[in-house]
Each structure stands twice: as structure tokens, then as C-alpha cells.
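The values are calculated or read from the model by the stated rules, or taken from the named source; none is laboratory data. What you see is a predicted model; the values in this text were computed from it and never measured. In this analysis, Cβ positions are derived from the backbone assuming ideal geometry, glycine residues included, and neighbour counts consider all displayed protein chains.
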Amino acid sequence: MICESKVAGTWRRGVVSVAFVVGMMVCVWGSARAVVIPPGGGPTPLAGSPGFVAGTVIEDTTTPFTIYVSGTSGPVLFQGALQHRVVRLASGDLAFGYRIRDTVGGFNGNARYVNAGGFASFGGSIITDCDWDPTSIGDRSPQFGSRSADGQVVQFDFGTALFAGPLTSRFMYVKTNARSYTTGGTVQIVTSSGQLTTVGTYRPVIDTTAPIAEITSPGALACVCNPVEFVGTARDADGTPITYTLVAQRANAVDEPITIATSSSPVNNGVLGTWNTNLRPQGYYTITLTVTNAAGLTATDTTFIFVDRILIRRCFVRR
């Protein structure tokens, strides 16, 4: 899923030749209306959409870069920094943003392409959308958007809006239906004459691993007295945001379930919640912990306890 710098194919447009992974596919907004083109299509014009990625920025990194006339040293052709970010949208989905900033004047190179890699899990029937934000800071905006046939690379092409330092770009975004992300993505900044550099960044992840739900205390069939402290784990192994609920249900009864705790803070072998059983009938209860991650995957764990209302009685394990 990581964009490789090796050339597997070459796409030519006019007199410019730029190498990247395979053929391209386009996704675009026009007048705030999404137009999705299957992998291998494009390039298609980008119109810019205000408020395109309204949400919460959860990662925001700026990485300096230098493009040389040849190789990784010698005369400098283009120099600046890539600002790359992850935004969680109101839906819970993620958008990935890129902006060329802090460019240095006096060099002979012009920025032409931004090739964002790491989107292979969004090939086929899964929709990935791209556009730029006209409300963001910057001087130039991409004119075309494309995506490789294998879904790996989303390319933003500045077309005739080439720019050199000290000019900068506006934010370009790729909206996905992913709700998890990791490092290991790459962005290539490519000049109009084909020289490039690669910056490491974030990439989306289609989460297929359920979160962790575990009640470790009280143990199964434990006899408990007020108050009852439940200890266990409610988290996601890869750090994806979670929510959890801890619920009690009296055995062989039609009572409504009792919510002991609800939280969006992960717990690792800690206190999940405390239950005041003072007004609850004596008897057996089913305790269920349900953990749901941002990808919608769910895990549950269940235990059974006996609530003892006679406080002077010594609690014991009923079998």
C-alpha cells in the first residue's frame, strides 16, 4: 500500500513526462457536486469546494523538502515544505490534506504535481473523492485530479498554474470512507521538468480488526456487595477511537437493562465503571461490555455476578 518511487509506467501530457506507479483515475468536485470516475480515467478538472472537509484536524505535520537538479545533492531546483494533515469529518470518515508551503525564491524549478500514495485499499467499488479548498491559504490551486488504476496514487496536477517560490499552494484533499489511518503513506512533489522528491506521510486504513472488550473483575459468578467496581479493557489495538458501554441485566427478569457506564476514553486493564447496587434486587445479573471502534466494528464480553443485598452476609461464589 506504500507508493513506490520505482517507475512502472509513464503518463505523458503535452511535453511533460511524469513517472508514477500505473495509469490514473480521477475523482473530482464541480460546483460542490462530487463526480467520481472509475480507476484509469481522467484527468478531470477540479473546481474547488468551500467547506469541502469541514471537520476536526487530528494530525497536522509540516515536513521540509528539497528537489535537486539531479539526484539527492547538487544544485537546488525547488525548495519548500509539505504540510500534510488528517481530518476527521462529521461522519467519522477521514480526509487527507496536502499543501506546499514555505517555498524559497531564487531557484529555477516550478511545482507541477503532487502525487499522494497509500490509497490502494480504496480501489474498485470504494469511492474516494478529491478536490481543493478555495478558503485555505495559498496562491495556486491544482487544475486536475487523477488516480492510478490500482487505486494507489491520487495525483493533483497544477496544469498551467505552475508556481515557484515564494508562491505556495492551497490545500488539496482526498476524502475517503476510511475511519482509521497510519503512517507509511508517501507524497511525491514533482517539478514541471520531472524531478521529484518523496515525503513520508499518513495513509488511510480499512480497519478489519475488532476492538478489545474484556471484563477481568469481578470474576464469573462472583458474589458482590455495593458498590461494585468493574475492571477490564476497552480499547482498539491500533489506536482507533472507541466508545464503550457497560450494561447490567437481571437474570430471568423483564427489567430494562441498566447502563453502568458509557465512555469514549479507552481503558487498558483499568476501571470500566462502578455500579451502585443499593436499590437493585438481590439475584444474578448478566454484565455486558460492548466496545465499538470508529470503523463500526464491535466486540463484547460478558460475565455473570450475584448481587447480595444482605450486607452482613459473607460474599461467596455461588455455583
TODO: Take region 153-183 and flag every residue that is at pLDDT below 95, within 17 Å of Cys130 (Cα to Cα) and either in contact with a helix residue (DSSP H, G or I) (Cβ under 7 Å, 6 or more places away or on another chain) or among the polar types (S, T, N, Q) (or both).
DONE: Gln155, Thr176, Asn177
Open item on the list: Looking at Ile137 and the list (1) among the aliphatic types (A, V, I, L, M); (2) over 20 Å from Gly185 (Cα atoms); (3) out of contact with any Phe, Trp or Tyr (no Cβ under 7 Å at 6 or more places or on another chain); (4) at pLDDT below 90, which single condition is not satisfied?
Closed with: (4)
Open item on the list: Considering only residues that are acidic (Asp, Glu) and surrounded by 23 or more Cβ atoms within 10 Å (Cβ to Cβ), which ones fall in region 190-218?
Closed with: none
Task: Matching residues, region 47-60, being touching a residue at least 40 places away in the same chain (Cβ under 8 Å) and loosely packed, with under 15 Cβ neighbours inside 10 Å - done: Pro50, Gly51
- [ ] Go through region 170-195 and give me each residue that's assigned to a strand (DSSP E or B) and over 12 Å from the mean Cα position of the chain (by Cα).
- [x] Met172, Tyr173, Gly184, Thr186, Val187, Gln188, Ile189, Val190, Thr191
TODO: Could you grab me the full set of residues in region 275-297 that are touching a residue at least 60 places away in the same chain (Cβ under 8 Å) and surrounded by 14 or more Cβ atoms within 10 Å (Cβ to Cβ)?
DONE: Ile287, Leu289, Thr290, Val291, Thr292, Asn293, Ala294, Ala295, Leu297
Task: Of the criteria (1) surrounded by fewer than 18 Cβ atoms within 10 Å (Cβ to Cβ); (2) aliphatic (A, V, I, L, M); (3) in contact (Cβ under 8 Å) with a residue 60 or more places away in the chain, which one Val187 fails - done: (1)
Open item on the list: Residue under question is Asn293, and the condition is that it be of a type outside the set (Phe, Trp, Tyr) and within 16 Å of Val224 (Cβ to Cβ); does it hold?
Closed with: no
Open item on the list: Given the condition buried (at least 22 other Cβ atoms within 10 Å of the Cβ), modelled with pLDDT under 90, part of a loop (DSSP other than H, G, I, E, B) and of a type in the set (S, T, N, Q), answer yes or no: does some residue in region 108-128 qualify?
Closed with: yes
TODO: State yes or no: is Gln83 of a type outside the set (D, E, K, R), more than 15 Å from Phe171 (Cβ to Cβ), surrounded by 15 or more Cβ atoms within 10 Å (Cβ to Cβ) and at pLDDT 95 or above?
DONE: no
TODO: Sort out which residues of region 152-169 are among the small types (Gly, Ala, Ser) and either under 30 Å from Asn293 (Cα atoms) or assigned to a strand (DSSP E or B) (or both), and write them in order of number.
DONE: Gly165, Ser169
- [ ] Please state which of the following conditions Thr198 fails to meet, knowing it meets all the rest: (1) among the β-branched types (Val, Ile, Thr); (2) farther than 30 Å from Ser148 by Cβ; (3) part of a strand (DSSP E or B).
- [x] (2)
- [ ] Residues being assigned to a strand (DSSP E or B) and touching a residue at least 40 places away in the same chain (Cβ under 8 Å): count how many of those fall in region 136-151.
- [x] 5
TODO: Identify the residue in region 225-246 that is under 15 Å from Arg280 (Cβ atoms) and surrounded by fewer than 19 Cβ atoms within 10 Å (Cβ to Cβ) and, among all such residues, is modelled with the highest pLDDT.
DONE: Pro227
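Yes/no per residue for (1) of a type outside the set (A, V, I, L, M); (2) farther than 30 Å from Ala237 by Cβ; (3) in contact with an Asp or Glu (Cβ under 7 Å, 6 or more places away or on another chain):
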residue	(1), (2), (3)
Trp132	yes, yes, no
Gly138	yes, yes, no
Ala149	no, yes, no
Phe163	yes, yes, yes
Gly185	yes, no, no
Ser192	yes, yes, no
Thr201	yes, no, no
Ala210	no, no, no
Glu214	yes, no, yes
Open item on the list: As an exercise: evaluate Phe158 against (1) hydrophobic (A, V, I, L, M, F, W, C); (2) surrounded by fewer than 21 Cβ atoms within 10 Å (Cβ to Cβ); (3) without any contact (Cβ under 8 Å) to a residue 60 or more places away in the chain and give the number of the one condition it does not meet.
Closed with: (2)
- [ ] Can you confirm whether region 247-264 contains a residue that is among the hydrophobic types (A, V, I, L, M, F, W, C), buried (at least 18 other Cβ atoms within 10 Å of the Cβ) and closer than 25 Å to Thr208 by Cα?
- [x] no
